[in-house]
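Student: Input: one structure, supplied below.
The values are calculated or read from the model by the stated rules, or taken from the named source; none is laboratory data. As the structure is a prediction and not an experimental result, all values here were calculated from the model. We place every Cβ from the backbone using ideal geometry, glycine too, and count neighbours over all the protein chains shown.
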Amino acid sequence: MSFTAEEVSSKIGVSAIKIDNKTLETVNEISNKYPTKIFNLDMLDAKWKTFTFRNKIKNMNNITPSHLINFFKQIDEQCKQQQITMIIDDDTSLANSFVESKQEEIGDKRSMETSTATEENELKKIKTEDTNTDINQYQGGKIKEEAVERIGDDFVTFNANFKNKLKETVKGEDSLTNEEKVLKHLSYKIKKSSTSSKDVVIVNDKSTRENFKIFRESTSSLSKILDAQLSTKEHFHEKLELSDPTVQSQSAIFCVGRIVNDSVTELEPTFERSNLALETSRKTGIGRRIKIDVNNLKYGDLYLGQVVLCKGRNVTGEEFIIDEIVKSEKAINDEAMEDEEEAFENFKICTINGPLCSDSSLDYTLFANFVEKLNKTIKPDYLIINGPLLDITNKCISSGMIPPIITTLADGSEIIENVETLDDIFNKLVFPLLLKISTSTKIILTPHATDTLSVYSSYPQPSYEARLFEKMTNVYLLPNPGFISLNGVNFAINNIDIFKNMKTIDLSNDTKKNKFKLISDIMVENKNAYPLYPTIPSLNEDLGSSKRFKDMFDIPDTKFDDITKEGVIRLLGCTKQKLNKNINTHVSTSIPEDFLDGIHMIIHNSGFVPHLELLNQQGCTINTNGFYNGDKLGYYGEVHVSNTNIDVKIVKL
């Protein structure tokens, strides 16, 4: 099929610009190369908007023929990749003659399946070696050979969580493993910070639901919180006679400020040494900013939003040269750790992260099997579950194609039920499995930003509504982030992927630093579960134009007299979760004062590889990935507390 220049220009919104012959030839070549399902003019509008955004083209008068050629070259490459995927997946929408003509070009997948066992083993060996190298480089250290041997075949699955680093994924298992396969093990001593009585649970949640924001925080509220952080730091170091770093000074001064980005557009910051500035408080510097020079600093780490006490000079009046960043005193006194140690009661904790089913189905069978294993084998005193319990990004939910629920009775007969609301899915699929958990196990639940059970999609979040679990007597509901003390052991639960969001500048250029340990230490040192500010643009995604969610707005004919107020709120809340993923700077992310004498464990829910690392002050940080990662099974954590020891391990599901 051939197109005219006017047809092409009208579809990409540049009708005022003439499509030259060379560009038109390129378009027609692409059109003749691929079927209509892969390439058509209707698809160009959205792709052209993406192209102009990424190339920062705001004025269409600045479009040149080279822009158009590059654009259609990208379209050609995208169509090629889509064509290969459709042929390999045996897409029936493609004509047989077309598939046969392309099979030889891309290679028939059926011939690949008949490769010899020797070739497959060699390929698997090469992939394992490559993934070992990737994980070693990323974590900044060599994994011990005995650890690799202990993991064995599971090592490839472990590394499959590197979405940006691995080129190959491994098919997940169809059932839970009977043999306990420990990924990593860690033991350490702690000092108790609370009562030693058995079964004492203290939930540290002094905030009310009114303190949280369903959408973004207001500008006035945000500025007050940010300034309060600076004022608190200044008050803590008021004996040092703090000065304004924006005022010219030939001698060294002490000042408090926030590390911010100094680029022209903060929506697309370039976070590097040359683009840093220091923001002052209203009291000291009326909120002004000054460019900073950190070349004199030889060690440490910087990140956006970091509140620092620094020593330096502003010789020219235009730049503040930092000579030293003064560290705060350690929250834990080392001498106190040498005092007489008080023994803990023996108890066991199990931790898992949602989602609890694969992202392409609503099959909770494997979670049901895990509950059975939990009751018969693991038998923990406490079970910590980080949401989402029901994920809004699940393909069945986001598309609206929810299959009926089939319940098998004791006599073998089946009951087929259709679901009408998201609450129905939770009540008929997830809640019955939670009820099967032994009542001797206390369940601790923390929500997630993609959880359909919460209308709060902005982090931080309040806890789940108590009405959802009123039939259960062994449940504790935490906000996100949550802080809880179990028999004197302090846990901080941060149900957000902070490792993905937080970028740091290493002043010492040490490539061997462990990112998981570093960021967890920063959380403790800054007494905040999410010290980063501002959040990066990708966190606040605009999904309004996504065709994937268009069905949400196609509301069928309904008798609105039958819809309750709660039902409308639930519908609007889930719609809003599709369109809004915000992270607010909020006082609720601050670590409570009761916990400042010691956090014994930080529990994360991150898509990066599972990790288990000791913290600088005391305690450890652990991430087990989700119960499911896409369509693959993940890991869970086991924590044993006895006397003054904590024994932690990550176990494959």
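Student: When the residues of the range 517-536 are filtered to those that are touching a helix residue (DSSP H, G or I) at 6+ places or on another chain (Cβ under 7 Å) and of a type in the set (A, V, I, L, M), which remaining residue is nearest to Val308 (Cα to Cα)?
Tutor: Leu532
Student: Which of the residues belonging to the range 21-36 are in a loop (DSSP other than H, G, I, E, B) and either exposed (fewer than 13 other Cβ atoms within 10 Å of the Cβ) or not assigned by TED's automatic domain parsing to the domain that holds Ser66 (or both)? Walk me through it before giving the result.
Tutor: Restricting attention to the range 21-36, the residues satisfying the condition of being in a loop (DSSP other than H, G, I, E, B) are 34-36.
Hit for the range 21-36 is Thr36, nothing else.
Student: If you don't mind, another one. Among the residues of the range 502-513, are any surrounded by 21 or more Cβ atoms within 10 Å (Cβ to Cβ) and in contact (Cβ under 8 Å) with a residue 40 or more places away in the chain?
Tutor: Scanning the range 502-513, I find no residue that is surrounded by 21 or more Cβ atoms within 10 Å (Cβ to Cβ) and in contact (Cβ under 8 Å) with a residue 40 or more places away in the chain, so the answer is no.
Student: So, in the range 54-96, of the ones that are at pLDDT 75 or above, more than 31 Å from the chain's Cα centre (by Cα) and of a type in the set (A, V, I, L, M, F, W, C), which residue ends up surrounded by the fewest Cβ atoms within 10 Å (Cβ to Cβ)?
Tutor: Ranking the qualifying residues of the range 54-96, first place goes to Ile69.
Student: Would you check if Ile484 is part of a strand (DSSP E or B), touching an Asp or Glu at 6+ places or on another chain (Cβ under 9 Å) and more than 20 Å from Phe271 (Cα to Cα)? Reasoning before the result, please.
Tutor: Values: part of a strand (DSSP E or B): yes; touching an Asp or Glu at 6+ places or on another chain (Cβ under 9 Å): yes; more than 20 Å from Phe271 (Cα to Cα): yes.
So Ile484 passes the test.
Student: Considering Leu309, Leu356, Leu297, Leu374, which residue is assigned to a helix (DSSP H, G or I), of a type in the set (A, V, I, L, M) and at pLDDT 90 or above?
Tutor: Criteria check complete, one pass: Leu374.
Student: Sticking with this one: Checking the conditions here, which among Pro432, Pro460 is surrounded by 22 or more Cβ atoms within 10 Å (Cβ to Cβ) and in the same structural domain as Cys357 (by TED's automatic domain parsing)?
Tutor: Sole residue among the options that is surrounded by 22 or more Cβ atoms within 10 Å (Cβ to Cβ) and in the same structural domain as Cys357 (by TED's automatic domain parsing): Pro460.
Student: Which residue, of Ser454, Ser440, is crowded, with 20+ Cβ neighbours inside 10 Å and either touching a residue at least 12 places away in the same chain (Cβ under 8 Å) or of a type outside the set (Gly, Ala, Ser) (or both)?
Tutor: Every option except Ser454 fails the conditions.
Conditions tested, residue by residue: (1) modelled with pLDDT of 85 or more; (2) in a loop (DSSP other than H, G, I, E, B); (3) of a type in the set (Asp, Glu); (4) not assigned by TED's automatic domain parsing to the domain that holds Ile583.
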position: Ile225; (1), (2), (3), (4): no, no, no, yes
position: Gln229; (1), (2), (3), (4): no, no, no, yes
position: Leu242; (1), (2), (3), (4): yes, yes, no, yes
position: Pro245; (1), (2), (3), (4): yes, yes, no, yes
position: Gln250; (1), (2), (3), (4): yes, no, no, yes
position: Val256; (1), (2), (3), (4): yes, no, no, yes
position: Val260; (1), (2), (3), (4): yes, no, no, yes
position: Glu266; (1), (2), (3), (4): no, yes, yes, yes
position: Gly287; (1), (2), (3), (4): yes, yes, no, yes
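Student: Another question, then. Taking the condition of being more than 10 Å from Val256 (Cβ to Cβ) and of a type in the set (S, T, N, Q), how many residues in the range 279-311 meet it?
Tutor: 3
Student: Output the residues belonging to the range 367-391 that are hydrophobic (A, V, I, L, M, F, W, C) and out of contact with any strand residue (DSSP E or B) (no Cβ under 7 Å at 6 or more places or on another chain).
Tutor: Passing the criteria: Phe367, Ala368, Phe370, Val371.
Student: Would you call Leu383 part of a strand (DSSP E or B), within 25 Å of the chain's Cα centre (by Cα) and buried (at least 20 other Cβ atoms within 10 Å of the Cβ)?
Tutor: In short, yes.
Student: Oh, and also: Assess whether Lys517 counts as being touching an Asp or Glu at 6+ places or on another chain (Cβ under 7 Å) and either in contact (Cβ under 8 Å) with a residue 40 or more places away in the chain or not in a loop (DSSP other than H, G, I, E, B) (or both).
Tutor: Yes, satisfied.
Student: So, one more: Out of (1) crowded, with 16+ Cβ neighbours inside 10 Å; (2) more than 30 Å from Ser642 (Cα to Cα); (3) among the β-branched types (Val, Ile, Thr), the odd one out for Thr393 is which?
Tutor: Just one mismatch for Thr393, condition (1).
Student: Which of the residues belonging to the range 602-653 are within 16 Å of Thr351 (Cα to Cα), among the aromatic types (Phe, Trp, Tyr) and at pLDDT below 90?
Tutor: Phe627, Tyr628
Student: I would also like to ask the following. Taking the condition at pLDDT 90 or above, out of contact with any strand residue (DSSP E or B) (no Cβ under 6 Å at 6 or more places or on another chain) and not aromatic (Phe, Trp, Tyr), does Ala410 pass?
Tutor: Here the answer is no, as Ala410 does not meet what is asked.
Student: Another question about this same structure. Out of curiosity, is Ile496 assigned by TED's automatic domain parsing to the domain that holds Leu453, within 13 Å of Thr621 (Cα to Cα) and in contact (Cβ under 8 Å) with a residue 12 or more places away in the chain?
Tutor: Answer is no for this residue.
Student: Here's a follow-up. Starting from the range 223-252, take each residue that is under 18 Å from Glu593 (Cβ atoms) and list its partners that are assigned to a loop (DSSP other than H, G, I, E, B), counting only C-beta distances under 8 angstrom and pairs at least six apart or across chains.
Tutor: Cβ pairs passing all conditions: Ile225/Glu217; Ile225/Thr585; Ile225/His586; Ser231/Ser281; Phe236/Ser328.
Student: Moving on. Pairs needed: first member in the range 375-403, assigned by TED's automatic domain parsing to the domain that holds Lys436 and under 29 Å from Lys442 (Cβ atoms); second member anywhere, surrounded by 22 or more Cβ atoms within 10 Å (Cβ to Cβ) and among the acidic types (Asp, Glu); C-beta distance under 6 Å; at least 6 residues apart or different chains.
Tutor: Partner pairs satisfying both residue conditions: Gly387/Asp451; Pro388/Asp451.
Student: A further question on this structure: Is it the case that some residue within the range 439-455 is farther than 30 Å from Ile498 by Cβ and either in contact with a His (Cβ under 6 Å, 6 or more places away or on another chain) or not hydrophobic (A, V, I, L, M, F, W, C) (or both)?
Tutor: yes
Student: Which of the strands (runs of 3 or more DSSP E) contained wholly in the range 584-653 include at least 2 residues that are surrounded by fewer than 23 Cβ atoms within 10 Å (Cβ to Cβ)?
Tutor: Ranges flagged: 611-614, 635-643, 645-652.
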